[in-house]
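Enquirer: One structure is given below, represented as structure tokens, and several questions about it will come after.
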Amino acid sequence: MIVSGGGTGGHIYPALALIEELKKRGIAKNNEILYVGTKKGLESRIVPDQGIHFTTIKVQGFKRSLSLENFKTISEFIQSVQRSKKIVKKFKPDVVIGTGGYVSGAVVFAAARLHIPTIVHEQNSVAGVTNKFLSHFANKVAIAFPSVADEFPHKKVVMTGNPRAQQVAGMKPNDRLSEFGLDATIPTLLIFGGSRGAEKINQAFVEAAPAFSKRTYQVLFASGQVHYDAIQKQLADVQLGKNVVAVPYIQDMPEILPDVAAIVGRAGATSLAEITALGIPSILIPSPYVTHNHQVKNAQSLVDVGAAKMITEDKLDGASLLAAADELMSDADARQQMATAAKQLGVPDASDQLIAVMQELTD
């Protein structure tokens, strides 16, 4: 099989989760899987480290404004389709799966033109431009949010969930909090803005830190490596309580999730797959810097069923963060209700469901 997806972790991690499950179940061996990405994309650093065969094509995205660069983009797309056809013909996959990003557009389109079974996986509640284009050529469109179904050809849509969910669904508390000097018996709020951190979330934490230090619950805050020195300077005159810990980054973030009582964070597809698979209450602060504001719609899908609270970034500051945190962390019953609602949205066997679609196409 060939898998293609790139640009952001939201496209890459579901692909890696699917590959992991295929290998675990003995459906595909290492030499039977090829990942196609770009040299500049995040996938070029992440995928080879997983021991997965990796090759690249050159492709770029369209500018949203009128630009001469778009003529170059069209030319590159045509060339990348030709390159992809060569890759597909040489590798001879039974199925090709695209998980999003411009690179998957060329690869899946090429495979479809060669009459290879193809699947598009859409992780978000709003369809990406590439996936909308590919949906007219692919055999199936797998989705993680029911609300996005109407954006694709009805007969091709199948609800599978996000494979990342299955990776974390079976995780149990393992006292990771003790590594940070925190007590696993005390409810803990995890605050983070993604792997690189989020400046607005960081500033809200700094403003709320003195008050957090007086609470009976614990706070574990990850600023992101690039922001950590600045955060430390801002906290220099703040006497943090033993219940508040600020770190630059948390290695193997999913492994700590079963140990926390609630999360404050972004509303990316991967985060929400993890949150719903484990049933964790959350305060979601959608990034306003994403296409079609899809994180707001992602978050709203949890808010609508009582699985999360949402603070839009324009209303986020120390006071609003503290108020939402206090309300949630002081009410164990409310957290339990939110956890139950979150888990009902989760798809803990998402990889299995996507594999079933693959097998249906290749049988």
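Enquirer: Within segment 93-107, is there a residue that is more than 18 Å from ILE57 (Cα to Cα) and either more than 19 Å from the chain's Cα centre (by Cα) or not assigned by the TED database to the domain that holds ASN31 (or both)?
Expert: yes
Enquirer: Report the residue count in segment 272-292 for those that are farther than 11 Å from VAL347 by Cα and either among the β-branched types (Val, Ile, Thr) or not assigned by the TED database to the domain that holds ASP326 (or both).
Expert: Number of matching residues: 5.
Enquirer: Under 8 Å between Cβ atoms, which residue pairs at least 6 apart in sequence (or on different chains) link something in segment 208-228 that is within 15 Å of LEU328 (Cα to Cα) with a partner that is among the hydroxyl-bearing types (Ser, Thr, Tyr) and buried (at least 17 other Cβ atoms within 10 Å of the Cβ)?
Expert: Qualifying pairs under 8 Å: TYR217/THR188; GLN218/THR188; VAL219/THR188.
Enquirer: While we're here: Tell me which residues, restricted to segment 18-51, are under 18 Å from the mean Cα position of the chain (by Cα) and not in a helix (DSSP H, G or I).
Expert: GLY37, GLY41, LEU42, VAL47, listed by residue number.
Enquirer: Here is a further query. Consider ARG266 against the criteria (1) closer than 18 Å to ILE12 by Cβ; (2) crowded, with 24+ Cβ neighbours inside 10 Å: it satisfies all of them except one. Which criterion is unmet?
Expert: Going through (1) closer than 18 Å to ILE12 by Cβ; (2) crowded, with 24+ Cβ neighbours inside 10 Å one by one, ARG266 breaks only (2).
Enquirer: Would you pick out the residues in segment 138-175 that are part of a loop (DSSP other than H, G, I, E, B), surrounded by 15 or more Cβ atoms within 10 Å (Cβ to Cβ) and either under 21 Å from the mean Cα position of the chain (by Cα) or of a type in the set (Phe, Trp, Tyr) (or both)?
Expert: Those that are part of a loop (DSSP other than H, G, I, E, B), surrounded by 15 or more Cβ atoms within 10 Å (Cβ to Cβ) and either under 21 Å from the mean Cα position of the chain (by Cα) or of a type in the set (Phe, Trp, Tyr) (or both): ALA144, PHE145, PHE152, THR160, GLY161, ASN162, PRO163, MET171.
Enquirer: Among the residues of segment 320-338, is there at least one that is closer than 30 Å to GLU20 by Cβ, under 19 Å from the mean Cα position of the chain (by Cα) and not assigned by the TED database to the domain that holds ARG25?
Expert: No; the residues of segment 320-338 include none that is closer than 30 Å to GLU20 by Cβ, under 19 Å from the mean Cα position of the chain (by Cα) and not assigned by the TED database to the domain that holds ARG25.
Enquirer: Still on this structure: Could you identify the single residue in ALA204, ALA211 that is touching a Gly at 6+ places or on another chain (Cβ under 6 Å) and modelled with pLDDT of 95 or more?
Expert: So the residue among ALA204, ALA211 that is touching a Gly at 6+ places or on another chain (Cβ under 6 Å) and modelled with pLDDT of 95 or more is ALA204.
Enquirer: Right, something else. Would you be able to say whether some residue in segment 278-293 is surrounded by 19 or more Cβ atoms within 10 Å (Cβ to Cβ), farther than 18 Å from ILE201 by Cα and aliphatic (A, V, I, L, M)?
Expert: yes
Enquirer: Of the residues LEU257, LEU345, LEU316, which single one is touching a residue at least 40 places away in the same chain (Cβ under 8 Å) and over 30 Å from LEU235 (Cα atoms)?
Expert: LEU345
Enquirer: If you don't mind, another one. Have a look at VAL296, VAL290, VAL264 and point out the one that is without any contact (Cβ under 8 Å) to a residue 24 or more places away in the chain, farther than 17 Å from GLY161 by Cβ and aliphatic (A, V, I, L, M). Working first, answer last.
Expert: Details: VAL296 fails: without any contact (Cβ under 8 Å) to a residue 24 or more places away in the chain; VAL264 fails: without any contact (Cβ under 8 Å) to a residue 24 or more places away in the chain.
Only one candidate passes the filter, namely VAL290.
Enquirer: Taking ALA273 as meeting all but one of (1) outside any helix (DSSP H, G or I); (2) crowded, with 24+ Cβ neighbours inside 10 Å; (3) not hydroxyl-bearing (Ser, Thr, Tyr), write down the number of the exception.
Expert: ALA273 satisfies all of (1) outside any helix (DSSP H, G or I); (2) crowded, with 24+ Cβ neighbours inside 10 Å; (3) not hydroxyl-bearing (Ser, Thr, Tyr) except (1).
Enquirer: If you don't mind, there's one more thing I want to ask. Can ALA261 be described as more than 24 Å from ALA127 (Cα to Cα), buried (at least 20 other Cβ atoms within 10 Å of the Cβ), touching a strand residue (DSSP E or B) at 6+ places or on another chain (Cβ under 7 Å) and assigned by the TED database to the domain that holds ALA341? Talk me through it step by step, then tell me what you get.
Expert: Values: more than 24 Å from ALA127 (Cα to Cα): yes; buried (at least 20 other Cβ atoms within 10 Å of the Cβ): no; touching a strand residue (DSSP E or B) at 6+ places or on another chain (Cβ under 7 Å): yes; assigned by the TED database to the domain that holds ALA341: yes.
Spelling it out, it is not the case that ALA261 is more than 24 Å from ALA127 (Cα to Cα), buried (at least 20 other Cβ atoms within 10 Å of the Cβ), touching a strand residue (DSSP E or B) at 6+ places or on another chain (Cβ under 7 Å) and assigned by the TED database to the domain that holds ALA341.
Enquirer: Let me ask something else. Regarding segment 150-168, can at least one residue be identified that is among the polar types (S, T, N, Q) and closer than 17 Å to GLY265 by Cβ? It would help to see each step written out before you state the result.
Expert: First pass over segment 150-168, keeping only residues among the polar types (S, T, N, Q): 160, 162, 166-167.
When the remaining residues are screened for being closer than 17 Å to GLY265 by Cβ, the result is 162.
Yes, segment 150-168 contains at least one residue that is among the polar types (S, T, N, Q) and closer than 17 Å to GLY265 by Cβ.
Enquirer: Same structure again: Tell me which residues, restricted to segment 235-257, are crowded, with 17+ Cβ neighbours inside 10 Å and farther than 19 Å from SER195 by Cβ.
Expert: LEU235, ASN243, VAL244 - these are the residues of segment 235-257 that are crowded, with 17+ Cβ neighbours inside 10 Å and farther than 19 Å from SER195 by Cβ.
Enquirer: What pairs come up if the first residue lies in segment 30-46 and is closer than 13 Å to GLY101 by Cα, the second is acidic (Asp, Glu), and their beta carbons are under 6 Å apart, counting only those six or more places apart or on different chains?
Expert: From segment 30-46, the pairs are GLY37/GLU43.
Enquirer: I need the full set of residues from segment 101-133 which are among the small types (Gly, Ala, Ser) and within 12 Å of GLU151 (Cβ to Cβ), in order please. Before the answer, list the steps.
Expert: Of segment 101-133, the ones among the small types (Gly, Ala, Ser) are 101, 104-106, 110-112, 125, 127-128.
Matches in segment 101-133: SER125, ALA127, GLY128.
The values are calculated or read from the model by the stated rules, or taken from the named source; none is laboratory data. Bear in mind the structure is a predicted one, so any value in this text is a computation, not a measurement. For neighbour counting, all protein chains shown are included, and Cβ atoms are generated from backbone atoms with ideal geometry for every residue, glycine included.
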